[in-house]
Amino acid sequence: MNNIPRRHHMVPQCYLNYFVNENRRINVFDIIQLCEYYSSPKDLAVRRDYYRDYLKNDEFIWEEHYSAIAESILPKTFDYIINKSVHAKSGEKILTDVIKNNMALIIITQLFRTEKWRYHSYKTFSPEIPLILNGFKEKLQLLEKRCGKGYFSEKGIEAFARNQYLEFANSEFILYTHRQILLDRTWIIFKSIKNKKRIFSSDNPVLLYNIDLDSFDLADNYINDLNNTLFFPLSTGILLMILPNNNTQLIDFCDYADCVLDGSEKLFNFHNRGQMMQASRQVFT
């Protein structure tokens, strides 16, 4: 285990690299300590053993899983969109089906892997009823062997909740259906070139906003809600917005599906406020 990485990123370093300054550092605002500082991507949005699953034969399978399915396609996908956005005229169509399919997978995996969404989603699971789990006896033996703990300990309950969540969130069915939800909506890229307004990201970067409720609250937002708008920053100058097709307030945007537009300062301020509200702790400014 000495050669296995134990520092696991909730937001991958390959994503954070798009928010660094000329010194390869990121300006961070800590919403808990209410302070600002600079740090490198390797030290941000990271937790020890965050993906460690005591109930899997390979305890670190999820760290490898995220690296293989999402992080491997992220740089190429981001570079394509950013380069096209910078050089395209406002209103020009730049998104292709292949790029959108890759980006949908990146967004879904990122949404479900962050700390805030994990613990928010734990509420929908029932680890206190372990008998419904496949291979419960074997999992219980693994838990006791690796942790020296029984099921009805705090660590045991958390281990079963983590196992259920990671298996559910990364199942082929969930990944496919949630990607399809995004692909069926209107995608628009906004760039901050003319007004030079910086676009924020955070340790919970996939931002959801319920239009009907005017709410960024996680309890009011889920990706399959027809009133839900999704924001995903790709850099300090590029923002992806995915809109529901049936909302009359947004009908004008449908004419710009798959296009890049010059974003307004008002839009970026709105998004940045949402990042401050939905972040777990670190906002990248």
For peptides 58-65, 185-192, sequence by mean Cβ density within 10 Å, most packed first: 185-192, 58-65
Determine the relative contact order of the stretch 16-82: mean sequence separation of Cα pairs under 8 Å and six or more apart, normalised by residue count, in whole percent. 17
What ranking do 29-42, 6-19 get when scored by the average of other Cβ atoms within 10 Å per residue, highest first? 6-19, 29-42
Relative contact order (%) - the chain, alpha-carbon pairs under 8 angstrom, separation at least six: 24
When the expected Rg is taken as 2.2 N^0.38 Å, what fraction or multiple of it is the alpha-carbon Rg of the stretch 195-285? 1.05
Report, to the nearest 10°, how far helix 172-183 tilts away from the longest principal axis of the Cα atoms in the chain, using its own Cα long axis and a range of 0 to 90°. 10
Computed for the chain: size of charge dipole around the Cα centre, +1 on C-beta of each Lys and Arg, -1 on C-beta of each Asp and Glu, debye to nearest 20, value 740
First select every other residue whose beta carbon is under 15 angstrom from the beta carbon of residue 9; then total the charges, Lys and Arg +1, Asp and Glu -1. +3
For 203, 97, 212, 79, give me the order by solvent-accessible area with a 1.4 Å probe, most accessible first, ignoring ligands, DNA and RNA. 97, 212, 79, 203
Folded to 0 to 90 degrees: helix 265-278 orientation relative to the chain principal axis, Cα: 10
Which entries in 100/196; 56/100; 56/84; 100/155; 76/139 show an alpha-carbon gap greater than 30 Å? 56/100; 56/84; 100/155; 76/139
Length added when fully stretched, residue 212-residue 96, from 0.36 nm per residue minus Cα-Cα: 38.8 nm
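Take the eigenvalues of the Cα gyration tensor for the chain, scale each by 5, and report the square roots as semi-axes in whole Å, largest first.
Values: eigenvalues 236, 89, 61 Å².
Rounded to whole Å, the semi-axes are 34, 21, 17.
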Would you compute, from DSSP H runs of 4+ residues alone, the mean residue ellipticity of the chain at 222 nm, taking -39500 (n - 2.57) per run and dividing by the full residue count, rounded to the nearest 500? -11000 deg cm²/dmol
In degrees from 0 to 90, rounded to the nearest 10, what is the angle of the helix 136-147 Cα long axis to the longest principal axis of the chain? 90
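The values are calculated or read from the model by the stated rules, or taken from the named source; none is laboratory data. Small disclaimer: the values here were computed from a predicted structure and weren't measured. For neighbour counting, all protein chains shown are included, and Cβ atoms are generated from backbone atoms with ideal geometry for every residue, glycine included. Remember, those area values only see protein heavy atoms, side chains included, never the ligands or the DNA or RNA. Shrake-Rupley method; radii C 1.70, N 1.55, O 1.52, S 1.80 Å.
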